[in-house]
1. For Rg and Dmax of the Cα atoms in Å, which listed value, [x] 33.5, 120; [y] 24.4, 79; [z] 25.5, 92, comes from the coordinates shown?
2. How much of ARG285 can a 1.4 Å solvent probe reach, expressed as accessible area in Å² and rounded to 10?
3. For an R0 of 30 angstrom, estimate the FRET efficiency from the Cβ-Cβ distance between PHE144 and LEU247 and round to the nearest 0.05.
4. Counting only protein heavy atoms, what percent of the accessible surface of the chain is carbon or sulfur at a 1.4 Å probe?
5. Quick one: order GLU205, GLU353 from most to least accessible surface, probe 1.4 Å.
6. Using a 1.4 Å probe and counting only protein heavy atoms, arrange LEU510, LEU124 so the residue with the most accessible area comes first.
7. Using 0.36 nm times the number of residues separating ASP199 and ILE135, minus their current alpha carbon distance, what extension gain do you get?
8. For segment 456-537, what is the accessible area per residue in Å², given a 1.4 Å probe and the full set of protein chains?
Amino acid sequence: GCVLVVSVIEQLAQWHNSTVKAAVERLCSYTPGKYQIICHMLCCIDKKMNADVVCHSLKLCKQDPGQPLCHLYPPPKKEKHSHGLFYALLHKEEKHQIISAHSAHICYSGFFMGFPSVCAFPLLANLCEKIKYIIRNKLPFEDFDGDKFSTFPTLRGYHWRGRDCNDKNTTVYPGRRPENWDVESDSNCNGIWGVDPKDGIPYEEKFCKGADSQGVVLLGDSAGAHFHIPPEWMTVTQMSAKSFANLPMAFTNELDWPQFSEVTGFLNSTIGGWTDSLYLRLRRRNRCNHRDLQNISQNGIMYLPINTDVYFSFSLARNQLLDNPAIVIYATIGNDVCNGNRDTLAHMTTPKEMLSNVVQALQYLDSRLPNGSHVILTGLVDGRFLWDNLHDRYHPLGQLNRDITYSQLYSFLDCLQVSPCSGWLTPNETLRNLTSERALQLSNVLKEIARSEKFVNFDIFYMDFPLRQTAEEWHKMGGEPWQLIEPVDGFHPSQIAAAIGTDITWQKALHEWPQVLGKENPFNDQIEAIFKDQGGH
């Protein structure tokens, strides 16, 4: 974190030909409201020193005994030993030689003492507690009636699951079967209620009866949650106050953007590309499906945990007796083989663990999903695509001076043991191949489960993660493979990849499992016309 922030500050000073102090003030002016508290902890940094040197001198970065010295930039070469100056930072008597004398005391009292404890600040403490709550429970923080749906967008609100239309009534929420055909009020929040004055038939009955209404639920990892760090946050040539306007929303959504995601996206993308999702396609096919979506994804999740009851009882909102069926997408596409451990292979999920836990999760779903539901198991990705297409390209932090490639970034994160995937983000081709081999083994487990297991309340299908087809389609559109990968983390699928993947998944379902998608509602145009006449949307 320190290396990232200091790099941005030093590049801002370079780009605007200013002092570092002026660059800090500029960055603070870009940062919204209360988030400036973090910004103002930054001190005057000597811009002649690279970010590694500065952060080691501040003791925000350190070298543990017996561990390698982690650095993003090449070590300074001012002494006989190429690491000489770097190692000098580890000795207390040298640090005042590294940082400008007039600012050193500010740094010690401000930045390195305060930065790790930002949640201690009164204005940020409440926000931190909210984020901890929603990460722990994967439930909306603002949910007054406790039905697991919200009228607030972030903090696991309606960006993650359909927007509640009455947050004071626990029997009113997206996805339920209409109560008395919603003659008097909208009990399922799809916007269709009341009685047609021409014939006295309730609109819900007229338009949605027998329409195969169903919702979509995603059980996924950070890819499903659509993890994204905006590149403009660290590309100084593009940086302005507008760049950080989405900072509060991004933080309160855990740096995830489910509202634009491949399965549950419903808003026009503001992070590049375009939004296309399984939910939008289901809604277009049957307007009665409006708002029936749940994205129960979590950054870092592997197979669903053994204590499945705890995981789902807190998160899944589906009543077997009162609600419509659902299409459940099970997609943990990488984290079962991805970790930041040095002995990464030893920490990967085994086929036996995968089989046991996925079957247990499906058995739990069978006890909760309404009859007529569907489950689609998605295979793991072949992550060799990442190194092959990014390793020699410049990261956003390295574009100004052409000094940081993705290979350097991957090595830095791996050294710190915080790599999102040590097995794939490595120059070790043998390790990359072994990681893909394990991913294929786990995908085969899912494929066999779909072939052999039977359940009472849902049928089950399997599909490979469509990376190859996505790359081929993007190539036909004139795109480059690297554009399918998130530019900042160099790991997750980009917005473009998500949108193209949606179309591939939809076409497969349309041709191979048409029963999953339900029939097309012939009244869609009439429903939209009535909404337009009444000023609704």
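The values are calculated or read from the model by the stated rules, or taken from the named source; none is laboratory data. Nothing here was measured: the structure is a model prediction, and the numbers come from that model. Glycine gets a Cβ as well: all are built from the backbone with ideal geometry, and neighbour counts include every protein chain shown. All accessible areas refer to the heavy atoms of the entire protein, side chains included, with ligands and DNA or RNA removed. Shrake-Rupley method; radii C 1.70, N 1.55, O 1.52, S 1.80 Å.
1. [z]
2. 50 Å²
3. Values: r = 27 Å, r/R0 = 0.89.
In this case the efficiency is close to 0.65.
4. Working: 13030 of 23990 Å².
C and S fraction of accessible area: 54 percent.
5. Details: GLU205 55, GLU353 80 Å².
Ranked list, largest accessible area first: GLU353, GLU205.
6. On the way: LEU510 65, LEU124 10 Å².
The ordering from most to least exposed comes out as LEU510, LEU124.
7. Numbers: separation 64, 0.36 × 64 = 23.04 nm, distance 4.91 nm.
Length gained, ASP199 through ILE135: 18.1 nm.
8. Working: 4320 Å² over 82 residues.
Normalised by residue count, the accessible surface of segment 456-537 is 53 Å².
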